[in-house]
Amino acid sequence: MSKYWQIAAGSAGRDYANLFLKFGMAFVGGETQIATMEEVDNGDIIVLKQGTQKILAAGTVIQKNGVHKGCADKEWLRDFDGWDLQAYCYVDWKQPNQPVSIDGLSRTTMQKLHQQKHKNAAINILNAGVAVPASPEPSETKVVEDGEILRFLIKEGLRPSSADELTNTISKIRLLADYYYHHCEWEDIREHETRTFLVVPLLLTLGWSEQQIKIELPCSGGRTDIACFRKSYKRKNDECVAIIETKGFSSGLDYAQKQAKTYSKDFPNCRAVIVTNGYCYKIYLRDENNQFQTIPSAYINLLKPKDKYPIDPSNVGGAFDAIKWLLPNNLT
């Protein structure tokens, strides 16, 4: 008999339900959730939930190439905007015309469904929902070594004498980020910690001066976390060339983009909106219509840099492109 499961595609700050549907999969990370995914069998029913009162889709676990699930064998899932979502199963998803409102779903990321009303909702979606065609999974990306990054930065204008300082700074960032990631409650690692101990040290090492950096600069949308200026700050917002939105470890990198775009309206010459949790950076550039793009232009995870964005390597640049847009001489 098929088992029924409920699964959440991230949290309010990291919602990747659209990618569950796009790739015809469900994936999780963390020891407890990985163990739960191991219990999933071919033919089981999965409900994709949002919060505790909404069902976005339902699907049947299916086989691809003779398997219906796996763990730790897909590199693109090991860097999901900084998350390691290594356990997965394949799902033939169906979507209702609109999300189904229903109470009683749990807060847990993944667990069995027990209430009959939830099972009935899943059956209704499977019978009447719209089939979601699965897209091919992302192609493989290449690891970028530190030496390659240093040589690239020197070509971009970084002083060779700064190479050792940059190497040491990245090493310290990795050690601290790894400590935050594995030994702390992520809710405790807020934007103030990531900005102070991870982001600003990198900016200074890449060549930004303290005079060019303004912290929590007021604007009509609230406050920018970090505003970087063409030259020393003199209360001229038209000289701002980059806005950096810093987030804590439990927040996502996509939701902040909308907020940062609102901020950028006050800064007409801002060329880049950069969203970061301290070790992963997404760079959004303005397009020919003077609007910030809806997908990132580049992405880098300082813990494991790749030549392309693992989730969308066909359209989004990787470590070299991202680090390029963090340099002051490319923005000023």
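Of 280, 219, which has the most accessible area and how do the rest follow, probe 1.4 Å?
Details: 280 0, 219 25 Å².
Solvent-accessible surface, decreasing: 219, 280.
Once phi is turned into θ = phi - 60°, what whole-Hz ³J(HN,Hα) does the Karplus curve with 6.51, -1.76 and 1.60 give for every residue of segment 27-40, x standing for Gly and Pro?
So the Karplus estimates, Gly and Pro as x, are 9, 9, x, x, 4, 5, 6, 4, 5, 5, 4, 4, 7, 6 Hz.
Given a Förster radius of 45 Å and the C-beta distance between residue 210 and residue 54 as r, what FRET efficiency does 1/(1 + (r/R0)^6) yield to the nearest 0.05? Please list the in-between numbers first.
Details: r = 46 Å, r/R0 = 1.02.
E between residue 210 and residue 54, to the nearest 0.05, is 0.45.
Collect residues whose amide H, placed 1.01 Å from N in the peptide plane, falls under 5 Å from the amide H of residue 87; neighbours closer than 5 in sequence don't count.
28, 72
Please give the contour-minus-distance gain from residue 288 to residue 128: 0.36 nm per residue of separation, less the Cα-Cα distance, rounded to one decimal in nm. Write down the numbers at each step before the final one.
On the way: separation 160, 0.36 × 160 = 57.60 nm, distance 4.22 nm.
Net length gain for the segment: 53.4 nm.
Using just the alpha carbons, could you tell me how many Å³ per residue the convex hull of segment 1-48 encloses? Mind showing how you got there, number by number?
Numbers: hull volume 3.7 nm³, N = 48.
With only Cα atoms used, segment 1-48 gives 78 Å³ per residue.
When ligands, DNA and RNA are left out and all protein chains stay put, how many square angstrom of accessible area per residue does the chain have with a 1.4 Å probe?
Numbers: 15620 Å² over 332 residues.
Accessible area per residue: 47 Å².
Compute the length gained on full extension between residue 175 and residue 235: take 0.36 nm times their separation in residues and subtract their Cα-Cα distance, giving the result in nm to one decimal.
18.0 nm
Grab the DSSP H runs of the chain that are 4 residues or longer, score each as -39,500 (n - 2.57), total them, divide by all residues and round the 222 nm result to the nearest 500 deg cm²/dmol.
Values: 9 runs with 85 residues, N = 332.
For the chain, the value works out to -7500 deg cm²/dmol.
Test of understanding: what is the full-extension gain from residue 312 to residue 223, defined as 0.36 nm times their sequence separation minus their Cα-Cα distance?
Details: separation 89, 0.36 × 89 = 32.04 nm, distance 3.06 nm.
So the chain would gain 29.0 nm between residue 312 and residue 223.
Checking the cross-link filter: which aspartates and glutamates have an alpha carbon closer than 17 Å to that of residue 172, excluding same-chain neighbours under 8 positions apart?
The reachable aspartates and glutamates, counting only those whose Cα sits under 17 Å from residue 172, are 145, 146, 164, 193.
Distance in nm between label sites at residue 64 and residue 2, each 7 Å beyond Cα in the beta-carbon direction?
1.9 nm
What are the residues whose amide H is under 5 Å from the amide H of residue 316, where those residues sit 5 or more places off or on another chain and H is modelled from the backbone?
HN-HN under 5 Å from residue 316: 309.
How much accessible area does residue 197 have with a 1.4 Å probe, in Å² rounded to the nearest 10?
About 110 Å², ignoring ligands and nucleic acids.
By accessible area of protein heavy atoms, probe 1.4 Å, what ranking do 21, 176 get, highest first? Mind dumping the intermediate values first?
Working: 21 20, 176 50 Å².
The most accessible residue leads, giving 176, 21.
Helix 146-155 versus the longest principal axis of the chain: what is the Cα-based angle in degrees, 0 to 90, to the nearest 10?
Once rounded, one gets 40 degrees.
If amide hydrogens are placed 1.01 Å from N in the peptide plane, which non-local residues have theirs closer than 5 Å to the one on residue 217?
224, 227
Given the pairs 117/247; 74/94; 49/265; 236/282, which span a C-alpha to C-alpha distance of over 29 angstrom in this model? Write down the numbers at each step before the final one.
On the way: 117/247 38 Å; 74/94 24 Å; 49/265 34 Å; 236/282 26 Å.
From the list (117/247; 74/94; 49/265; 236/282), the Cα-Cα distance tops 29 Å for 117/247; 49/265.
Test of understanding: in a Gaussian network model of the chain with alpha carbons linked when under 10 Å, which of 83, 93, 186 would top the mean-square fluctuation ranking?
186
Match the structure shown to one of the listed values (i) 56, 28, 20; (ii) 55, 32, 21; (iii) 39, 21, 17 of semi-axes √(5λ) of the Cα gyration tensor in Å, computed from it, and give that label.
Read-out from the structure maps to (iii).
What are the ³J(HN,Hα) couplings of segment 135-143, residue after residue, when phi is run through the Karplus curve with 6.51, -1.76, 1.60 and θ = phi - 60°? Round to Hz, x for glycine and proline.
8, x, 5, x, 6, 5, 10, 10, 5
The values are calculated or read from the model by the stated rules, or taken from the named source; none is laboratory data. From a predicted model like this one, the values you see are computed outputs, not experimental measurements. Glycine also receives a Cβ, built like all others from the backbone with ideal geometry; neighbour counts cover every protein chain displayed. When the accessible area is computed, the model is the full protein with side chains, heavy atoms only, and any ligands, DNA or RNA have been set aside. Shrake-Rupley method; radii C 1.70, N 1.55, O 1.52, S 1.80 Å.
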